[in-house]
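The structure under discussion appears below in the form of structure tokens.
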Amino acid sequence: MWFKKKVKARPEEKLKLPTDLWVKCDTCGEILYRKELEKNLWICPKCEFHFRINCRTYIKLLLDDAQFDEQDAHLEPADPLLFPDYKKKIKSDQEKTNMKEAVVYGYAKIGGIPVVFTAMDFRFRGGSMGSVVGEKVARSIRAACEKRIPLIILSTSGGARMQEGILSLMQMAKTSAELALLAKESIPYVSILTNPTTAGVMASYASLGDIIIAEPGAELGFTGRRVIEQTIGEKLPPDFQRSKFMLEHGMVDLVVSRKDLKNTISKILKIIYHGSPATE
Amino acid sequence: MNGIWLDFERPIVELERKIEELKGLQGVEEEIQRLKTQAEKLKKRIYSNLNRWQHVQLARHPRRPYPLDLLPLMTQDFVELHGDRRFGDDPAVVAGIATIDGHRIAIVAQQKGRDTKEKIRRNFGMPHPEGFRKALRIMKMAAKFSLPVVTMIDTPGAYPGADAEERGQSEAIATNLFECATLPVPILVIILGEGASGGAIAIGLGDRVLMCENSFYSVISPEGCASILWRDSSKNKEAAEALKITAQDLKTLGIIDDIIPEPVGGAHMDFKLTAQNVKKAIIQTLDELSSEPQEELLTRRVEKFRKMGAVNE
């Protein structure tokens, strides 16, 4: 190049914020005091942007007394295809998250109603669904079926996990088949979609809730925005595939702020769940 | 013998062309024989050592037979049925009813196009939600009239476009999986060519899953995998190897039940023989499935998919 590119200092570099104290909103750019943000359930007070939170935070937020009787926490991914670097990536995500895989499930109560609660975690391989995620989701559905209590699955996922190849694709069939059996027993399933829920997970259990609730501003769909833009050769509007868009297109029942999520779920369960749990 | 051939097919095609040319001449019988032996040897060497990417190439071969090529060679009374009764008729999905050797069946298949115009009309075999919903409509009708369902998979994937999203691509695929799990008639799934991702599994839940010898079945296309994992879509060969996507791989992994043999060199070498092999597999499988009581059939179907996956307890 014949000219020297001027390197402009980006504002965040100039500010040099201590990130343990301050957080910048991804959407409106507002600088927020971390403690305040946490108190506000990680919702930007200025623009209502919902920061991504992990499954443990959701447990505290949604379950009565934050009580969660976790099941099958020990299940770990294998490396069935001996896929390059897979084992290494799993190990590093396990250390990072202190979880064995990208989903937890267990027994809990919401508004006094016993439920099976299943929550995915985006920090672990982008919430991608391999064999263990599929298996734990399937087991959680069976648990709801056996105990005859409602099922809540909170999803966040980039889709099927490539490193387990075809086995990951089959988890779509596996989980959907279990939901078909649950539906035959008239046990309610509430699907909660958080940012983002796409591809293989969106095209299986996440879309099969009797009631589907999305957090505001979540990116939801089958194909990711970038690939669609490549396919059709044009830019998509910013609201494309966001929760409001999905509501307008009839794909979700409700868009509910994180602050009202627990209340909304328990209100719904009180109306639609009139069974009684199976006795031991 | 004009037209498109793959790189590794060319030496064989050239040899065979030479043989054809010599055929009209006198006193070259010995030469012809020699070339024929050479061609056989070459074929054996090439086709017994295909790598995974070459299988992908054969599965996508521009000459590969599509469902509408094979169906007339398998049945005389195929009636194509159109539309999802909700939005439109997706030409990427062909559905209908037919009898095959006494078996009354419903057929749901993905159809690419042969020439450019047809390719565009059929969207290269990439269904929109209305295609999956048409498939489901026909499958539900099949259940109503106790017709077993045969699905034929040949798709690069569900269409990744904005309109498909607006009309609920995810919902359409998920609902098909949900409904097929308990559809009260036998479902036979055949992967004919490309079995790529959600677009394939959307008509891929059944009692038996068979793959044609050179087809592939994968969670993502090798190119897609390479570009996401290694940010380099030219690493498609490496991705095909890593993903393990051939019929033999899937048999070993316990995902499919059986492999339908193809003519030497691939299905495109002989449509008739391919149709015969597919037909034989359909009849044999439906004979087996139709003798199973419905309740057992459905229990086993869910069990089949329940077992899939690799988990360390």
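Only the coordinates and a few stated rules stand behind these numbers; no lab work does. Just so it is clear, the model here is predicted, and its values are computed rather than measured. Note that each Cβ is placed from the backbone with ideal geometry, even for glycine, and that neighbours are counted across all protein chains shown.
Looking only at other chains, what is the average number of their beta-carbon atoms within 10 angstrom of each beta-carbon in B:154-162?
Details: counts 0, 0, 0, 2, 4, 4, 10, 5, 12.
The per-residue average across the peptide is 4.
Averaging sequence separations of C-alpha pairs under 8 Å and six or more residues apart, then dividing by the length of the range A:180-280, give the relative contact order as a whole percent. Reported as a whole number, the value is 26 percent. Only Lys, Arg, Asp and Glu carry charge here, each on its Cβ (+1 for the first two, -1 for the last two); on that basis the range B:35-181 has a dipole of about 780 debye about its Cα centre. Bridging of A:Lys109 to aspartates and glutamates at a Cα separation below 18 Å is possible for A:Asp64, A:Asp65, A:Asp69, A:Glu70, A:Glu146, A:Asp260, A:Glu280, once same-chain residues fewer than 8 apart are set aside. The relative contact order of chain B comes to 16 percent, based on Cα pairs under 8 Å that sit 6 or more residues apart.
Per-peptide packing, taken as the mean over residues of other Cβ atoms within 10 Å, places A:203-214, B:243-254 in the sequence A:203-214, B:243-254 from highest down. Binning the alpha carbon pair distances of the protein assembly as shown at 20 angstrom intervals from zero yields the distribution 19, 50, 25, 6, 1, expressed in whole percent. The distance separating the Cα centre of the range B:11-57 from that of the range A:94-148 comes to 57 Å. Using the Cβ-Cβ distance between A:Asp26 and A:Asp253 with R0 set to 22 Å, the FRET efficiency works out to roughly 0.25.
Relative to the Cα centre, what is the charge dipole magnitude of the range B:7-49, using +1 at the beta carbon of each Lys and Arg, -1 at the beta carbon of each Asp and Glu, and rounding to the nearest 20 debye?
Working: 10 positive and 10 negative charges, 45 e Å.
Approximately 220 debye in magnitude.
Electrostatic tally near A:Asn40: other residues with Cβ closer than 11 Å to its Cβ, Lys and Arg +1, Asp and Glu -1, net +3.
In whole percent, what relative contact order does the range A:53-272 give with Cα contacts below 8 Å and a gap of six or more residues? Computed over the range A:53-272, the figure is 16 percent.
For the peptide B:224-234, the mean number of other protein chain Cβ atoms found within 10 angstrom of a residue's Cβ is 2.
Within the shell defined by Cβ-Cβ distances under 9 Å, the residues around B:Arg300 carry a net charge of -2, with Lys and Arg each +1 and Asp and Glu each -1. Diffusion coefficient of the range B:55-306 by Stokes-Einstein, Kirkwood radius over Cα pairs, 37 °C, 0.692 mPa s: 182 µm²/s. Helix B:29-47 axis versus longest C-alpha principal axis of chain B: approximately 40°, rounded to the nearest ten. The modelled label-to-label distance between A:Ile113 and B:Asp232, using points 7 Å beyond Cα along the C-beta direction, is 5.3 nm. DSSP beta bridges fully contained in the range B:55-306 are about 40 percent antiparallel.
Note on the range B:224-281 and the range A:221-280: Cα centroid distance 36 Å, given to the nearest whole angstrom. Counting only alpha carbon atoms, the long axis of helix B:294-306 and the longest principal axis of chain B meet at about 70°.
Over all directions, what mean area does the Cα convex hull of chain A project, stated in square nanometres?
Over all viewing directions, chain A projects a mean Cα-hull area of 18.4 nm².
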